[in-house]
Amino acid sequence: MHHIRDERFVKIFSEVEIRDVYVQPNREVSIHAWAQFTSREGLVVVHEKERMIRRFNLLHSSIRIATPLGLYSNDTYDGSFLDYLKDMSMPERDSGVRCAFTTSSLITERLNATAVLVPTKLWSTEVSNDSMLLKLHYGSADLSGGVLRIMPSRFEKLDYAMNIWPFRVGFTYLAERESSSNMFVTPFTPAIWWCCIALLPILMLAQRCTAKTDLEKEGAFIAVLATCLQQDASAVPQGISGRWTFLVLSISAMLIHAYYTSAIVSALMSTGRSGPDSLKSLGDSRYSIASEDYDYMRYLMFDVPTNWYDLEYLKRKKLSPTFYQDIRTGVKMIQSGQTAYHTEYNQLFPYLKVFTDDQLCKLQYIDTVPESLTWITTTKRGQWTEIFKSSGAWLRETGLAKQLVSQLRSRPPPCRAALLAERVNFYDIAPIFGITLLASLHERMNQMLSTLYSSPLFPKSQQTTTTTPSTISNPASECPPPPSFETPYCSPYPAPPPAVYMAPAIGNPAHTYYGQETSLPEYVYPAQQPGWNYYDQYYQQYYNTPLTLPAPPVMSYQNWEYTPPEYPPPYRPPYQPYAPAYVPSPVPYPPPYLRPN
């Protein structure tokens, strides 16, 4: 094989000039120098910046922007559709469309092109040719004036140029707590309640076993129950074992009671405690549903069958002929507390300024489209797809995209309620109210029975007392007893043994003491006991007015008059000369400290 060396051939390919051929619509093809290739230095790009500037200069070429009409109409806005899109003072109306159209306009301005508005009736559905998605798919438009989410069904139809708008759609309702009769049972699980019920008799048995007196044993049940309910702690046992048992019971009851009450208060004070939190629970709740009228809501959610079970369950349970409502009507329905309204949250938030602080704190949301960034779309493999993406990146680098979103995005009104307390319905406290009522009726019934048994309708059996017969007549016994003006009451000390009175005229019986005869004194009193009160030793606690004694004779002293004493004599003159031996029955409730007059 022979190698042929051609000097001329090597010289031609040692320096090669590479040119840029630029084809621009509606204009002639232009050729421009771009780079050089040499055998020594290789590829050298010389005019790359000029090439990029040329690509980003569309020389006022027309860029068609397909934009859905949304909520625009001549009845609701005084102006053209273009003026409606450029009006930034209405973030509550078509904020996503306005953000997408403004972003597409900035991209065309960056590319030195002319934006041409192409209005469409529909947004992202394919039920009609007058849809933004189909115009981009068939090449009737170059950029979208509405945002679209990334979905697998759109990958083969569209190219995504730039993500711009945080999109979130769902139901909004006022979370009024639904009444439940077991609200006071929910802080504890059934296992904890059963443990508390099982520990109660154990503690009662321990309290009864460690009791020192009969009174403690009888009150063991009430003491344990009252301590568990944090109502009373006065029944402290006397023994050391009983005190330790009572201490453990008190600490445990305090901790359980503190946790229980805090859980009840937290449940009543917290927000969003009992409202539905999913589409299925919304279908089972008392709330009706309504929605704003957008084509993507109709043809992607509510008017077509889907493979989303919760959504289909909600539609089957709650969908009504008056489902689609204007957003102003929907806000009033939310405020009434009976309806969950479906719309984009950014368009709803400005209308919530009319809500009170209490209502703002009770607002709850159920998403059908969770928050995600939506995109500006373009024709699949279009002529300017790459420069659209580059211009979108330039908008983000310069901060124009962030400024646009912050200008149009609305925030939910803050919850400024200092205290949010939920009202408690009658059915919440019905079990406790019933128990309290039965307890009061039981106590009242016991009082009525006690009064009935102590009434004259039920005569009491009187105790018969034996009296010693006396041959001496007693005229004082025929007189009625003097009236009593004192009210006896109970003494804290036990009643002393009664005193025995002997008649002074009758000889005392003789007794023998060590062979000697002794006689009893006229008045026999029991021995003094350590716990007795001095005035409790007398059998009669009421004294009559002493008799008036005659004045003593006037002494022979000059200028002297007799003055009766201020106080009566310390002894009580007997109102009867002779009294038989008499053993009086003790007063049922003797007074503790009654002094004689």
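When the helices (runs of 4 or more DSSP H) confined to segment 327-421 are screened for residues that are under 27 Å from the mean Cα position of the chain (by Cα) and at pLDDT below 90, those reaching at least 2 such residues are found at 357-361.
Determine whether VAL331 is surrounded by fewer than 17 Cβ atoms within 10 Å (Cβ to Cβ), on the phi < 0 side of the Ramachandran plot, hydrophobic (A, V, I, L, M, F, W, C) and touching a helix residue (DSSP H, G or I) at 6+ places or on another chain (Cβ under 8 Å). When the stated conditions are applied, VAL331 does not pass them. Criterion first (modelled with pLDDT of 95 or more and within 47 Å of the chain's Cα centre (by Cα)) does PHE155 satisfy it? Against the criterion (modelled with pLDDT of 95 or more and within 47 Å of the chain's Cα centre (by Cα)), PHE155 does not qualify.
Considering only segment 72-117, how many residues are without any contact (Cβ under 8 Å) to a residue 24 or more places away in the chain and assigned to a loop (DSSP other than H, G, I, E, B)?
Summing the residues that are without any contact (Cβ under 8 Å) to a residue 24 or more places away in the chain and assigned to a loop (DSSP other than H, G, I, E, B) in segment 72-117 gives 12.
Determine whether segment 51-67 contains at least one residue that is under 28 Å from ILE327 (Cβ atoms), of a type outside the set (A, V, I, L, M) and in a helix (DSSP H, G or I). No, segment 51-67 contains no residue that is under 28 Å from ILE327 (Cβ atoms), of a type outside the set (A, V, I, L, M) and in a helix (DSSP H, G or I). Out of all the residues in segment 36-68, which are more than 60 Å from the chain's Cα centre (by Cα), within 26 Å of TRP375 (Cα to Cα) and crowded, with 16+ Cβ neighbours inside 10 Å? Selection gives ARG55, LEU58, SER61. Taken as a whole, the structure places ASP428 among residues that are surrounded by 10 or more Cβ atoms within 10 Å (Cβ to Cβ) and at pLDDT below 70. Against the condition out of contact with any Leu (no Cβ under 8 Å at 6 or more places or on another chain) and more than 25 Å from TRP165 (Cα to Cα), how does THR343 come out, does it pass? When the stated conditions are applied, THR343 does not pass them.
Among the residues of segment 196-218, those identified as surrounded by 14 or more Cβ atoms within 10 Å (Cβ to Cβ) and among the polar types (S, T, N, Q) are GLN207, THR210. Going by what's in this entry, would GLY146 be described as among the small types (Gly, Ala, Ser), under 29 Å from ASP367 (Cα atoms) and touching a Pro at 6+ places or on another chain (Cβ under 7 Å)? In short, yes. Scanning segment 302-343 for residues that are within 30 Å of ASP357 (Cβ to Cβ) and of a type in the set (Val, Ile, Thr) yields ILE327, THR329, VAL331, ILE334, THR339, THR343.
The values are calculated or read from the model by the stated rules, or taken from the named source; none is laboratory data. Worth saying up front: this structure is predicted, and the values here are computed from it rather than measured. Glycine gets a Cβ as well: all are built from the backbone with ideal geometry, and neighbour counts include every protein chain shown.
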